[in-house]
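Undergrad: Below is the structure I would like to discuss, written out as structure tokens.
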Amino acid sequence: DWTMAAFREEAMAKIRDQVGSGRVICGLSGGVDSAVAAKLIHDAIGDQLTCVFVDTGLMRLNEAEEVVGLFRDSFNIPLVHADEEALFLGELDGVTDPEAKRKTIGRLFIDVFEKHAKAAGGADFLAQGTLYPDVIESVSFDGGPSVTIKSHHNVGGLPERMNMKLVEPLRELFKDEVRALGRELGLPDAFVQRHPFPGPGLGIRIPGAVSKEKADILRKADAIYIDEIRKAGLYDTIWQAFAVLLPVQTVGVMGDARTYDHVLALRAVTSVDGMTADYFPFDHDFLGRTATRIINEVRGVNRVVYDVTSKPPGTIEWE
Ligand code: XMP
């Protein structure tokens, strides 16, 4: 009889076994997976764990405050809040290719981690919230040569460079199981139910060049979209919803003035594990209401479109 409580005990014993008296460093991304991994590991080994929240400047609205508040204030888990917005946005300046963005962001994560691992007196292990679908999406489905659709950025490379071993306690779990484990560990329901958020963050939701100005526009629009989804009672039915700020400007009219602003695309999908997905069939009232609110409240957006592509042939993210 397999229960989450039993999984939790077993996973904690495995972590203690693997780590011994070693030191572990864990990056918190704002997502559910890394938060669940960190809480589990902290429950197992306490202050042998150092958590680092890397604020890339590509987080959702209020995300940094929420994560820091939960870990530091509610759980009393020591947390380094690394505000690296200037570093990430500086290095991303002019980078337009999606894979180049992922590589840039991944490389900077390594640098920031190395810095904080050293500051914490070194670490023997690196903890990651890798899930089972992450493990298999980068492997071929047919036994032939593996095809990488997107190089899911993680902090690969760092373990070798710093002679660290990986701790990945969620490697056998699917998303719904990670959520169940999170509840078992006492993470608040609202946190556990949050939609998946990719490591490269808003960096891959701004096709073309990324800038602070664009990230700020996208954050505001995305927050309104999610707010409308919550108000409509649809948040938990949808697997993932987010806005994408397109590098396209179109002509519009506001009052009696001409505008020439960005197009914003809205995306929402249902899915079981992120490997395949269907676009979510919002009713037109919802779409109209949300578009009106975004255009009225967010300067820099004058047109909103809805993405009706499923996966495959689309992917969930636009990059
Ligand atoms: P795609 O876009 O490949 O996304 O259909 C499937 C799921 O993975 C997330 N995703 C990422 N997560 N690093 C991550 O940590 C990445 O580079 C990355 N790319 C996509 C995406 O948000 C969706 O949940």
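Residue-wise test of (1) of a type outside the set (Val, Ile, Thr); (2) more than 26 Å from residue 270 (Cα to Cα).
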{"position": "216", "(1), (2)": "yes, yes"}
{"position": "243", "(1), (2)": "yes, no"}
{"position": "250", "(1), (2)": "no, yes"}
{"position": "254", "(1), (2)": "yes, yes"}
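Undergrad: Quickly run through region 184-204 and pick out the residues that are closer than 20 Å to residue 133 by Cβ and of a type outside the set (A, V, I, L, M).
TA: If the condition is that a residue be closer than 20 Å to residue 133 by Cβ and of a type outside the set (A, V, I, L, M), then 193, 194, 195, 196, 197, 198, 199, 200, 201 are the ones that fit.
Undergrad: Considering 88, 125, 75, which residue is at pLDDT 90 or above, in contact with a Pro (Cβ under 9 Å, 6 or more places away or on another chain) and not assigned by TED's automatic domain parsing to the domain that holds residue 209? First the steps, then the outcome.
TA: On the way: 88 fails: in contact with a Pro (Cβ under 9 Å, 6 or more places away or on another chain); 75 fails: in contact with a Pro (Cβ under 9 Å, 6 or more places away or on another chain).
Exactly one residue qualifies, and that residue is 125.
Undergrad: Which condition number does residue 170 fail, the rest of (1) under 21 Å from residue 14 (Cα atoms); (2) buried (at least 18 other Cβ atoms within 10 Å of the Cβ); (3) at pLDDT below 95; (4) within 16 Å of the ligand (Cβ to nearest atom) being met?
TA: It fails just one condition, (3).
Undergrad: Out of the residues in region 196-216 that are near the ligand (Cβ under 8 Å from one of its atoms) and part of a loop (DSSP other than H, G, I, E, B), which is farthest from residue 70 (Cα to Cα)? Give the steps one after another, and end with the answer.
TA: Quick first cut of region 196-216, residues near the ligand (Cβ under 8 Å from one of its atoms) only: 196-200, 204.
If we keep only those that are part of a loop (DSSP other than H, G, I, E, B) as well, we get 196-200.
Values: 196: 18, 197: 17, 198: 20, 199: 19, 200: 22 Å.
Taking the candidates together, the pick is 200.
Undergrad: Let me ask you something else. Take residue 312 and tell me if it is surrounded by fewer than 15 Cβ atoms within 10 Å (Cβ to Cβ) and within 16 Å of the ligand (Cβ to nearest atom). Even if it seems obvious, please write down each step before you answer.
TA: Values: surrounded by fewer than 15 Cβ atoms within 10 Å (Cβ to Cβ): yes; within 16 Å of the ligand (Cβ to nearest atom): yes.
In short, yes.
Undergrad: Moving to a separate point now. Could you please let me know if residue 94 is in the same structural domain as residue 179 (by TED's automatic domain parsing), over 22 Å from residue 165 (Cβ atoms) and buried (at least 20 other Cβ atoms within 10 Å of the Cβ)? Reasoning before the result, please.
TA: Values: in the same structural domain as residue 179 (by TED's automatic domain parsing): yes; over 22 Å from residue 165 (Cβ atoms): yes; buried (at least 20 other Cβ atoms within 10 Å of the Cβ): no.
No: the conditions fail for residue 94.
So that you can scan it fast, the table gives a plain yes or no per residue for (1) assigned by TED's automatic domain parsing to the domain that holds residue 84; (2) modelled with pLDDT of 95 or more; (3) over 23 Å from residue 194 (Cβ atoms):
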| site | (1), (2), (3) |
| --- | --- |
| 226 | no, yes, no |
| 233 | no, yes, no |
| 248 | no, yes, yes |
| 274 | no, no, no |
| 277 | no, yes, no |
| 283 | no, yes, yes |
| 290 | no, yes, no |
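Undergrad: So which residues in region 236-267 are among the hydrophobic types (A, V, I, L, M, F, W, C) and more than 19 Å from the chain's Cα centre (by Cα), if there are any at all?
TA: The initial filter retains those residues of region 236-267 that are among the hydrophobic types (A, V, I, L, M, F, W, C), namely 238-239, 241-246, 248, 251, 253-254, 257, 263-266.
Across region 236-267, the qualifying residues are 246, 248, 251, 253, 254, 257, 263, 264.
Undergrad: Look at region 1-42 and say how many of its residues are part of a helix (DSSP H, G or I) and either of a type outside the set (A, V, I, L, M) or within 16 Å of the ligand (Cβ to nearest atom) (or both). If you could, list the steps in order and put the result at the bottom.
TA: Filtering region 1-42 down to residues part of a helix (DSSP H, G or I) leaves 4-19, 32-42.
Imposing the further condition that a residue be either of a type outside the set (A, V, I, L, M) or within 16 Å of the ligand (Cβ to nearest atom) (or both) reduces the set to 7-10, 14, 16-18, 32-39, 42.
Adding up the residues that qualify gives 17.
Undergrad: Give me the residue from region 271-300 that is surrounded by fewer than 15 Cβ atoms within 10 Å (Cβ to Cβ) and among the hydroxyl-bearing types (Ser, Thr, Tyr) and, out of that set, farthest from residue 205 (Cα to Cα).
TA: Ranking the qualifying residues of region 271-300, first place goes to 292.
The values are calculated or read from the model by the stated rules, or taken from the named source; none is laboratory data. These numbers come from a predicted model, not from an experiment. Using ideal geometry, Cβ is built from the backbone for each residue, glycine included, and neighbour counts are taken over all protein chains shown.
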